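Asks: So that we are looking at the same thing, I have put the structure below in structure tokens.
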Amino acid sequence: MIDVLSYGLIVSGIIFWFWGTLPLLGERSVLFKLHSLSVSDTLGSMSIVVGLLLKIPSEWPLLVLALISLAIWNTVLGYVLAYCSSTGGDDV
């Protein structure tokens, strides 16, 4: 049962990755494209890491560190990109 849940989370993470990539092909603004890409990439990556956590519970400290790093890194990167796009990128 744990294997099925683990593989399900990994597959859903890969689906999130592709789902976030599809808006890049559209005609919307760059900010919308970056937002959808970063949100789906974060959710997909976290889903994959949780799936790995269920599959390899002996590596929990490293995988929890990866989850925390993903959450902090992608949030900060989103704010930096939004700031750079709102100021024109001249201040950085």
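Throughout, read-outs are computed from the coordinates displayed, never taken from laboratory work. Because the structure is predicted, anything quoted here is derived from the model rather than measured. Note that we place each Cβ from the backbone using ideal geometry, even for glycine, and neighbour counts take in every protein chain shown.
Asks: Report yes if some residue within region 17-40 is of a type in the set (S, T, Y), out of contact with any Asp or Glu (no Cβ under 8 Å at 6 or more places or on another chain) and outside any helix (DSSP H, G or I); otherwise report no.
Replies: Yes, region 17-40 contains a residue that is of a type in the set (S, T, Y), out of contact with any Asp or Glu (no Cβ under 8 Å at 6 or more places or on another chain) and outside any helix (DSSP H, G or I).
Asks: Criterion first (on the phi < 0 side of the Ramachandran plot, out of contact with any Ser or Thr (no Cβ under 9 Å at 6 or more places or on another chain) and free of Cβ contacts under 8 Å to residues at least 40 places away in the same chain) does L65 satisfy it?
Replies: In short, yes.
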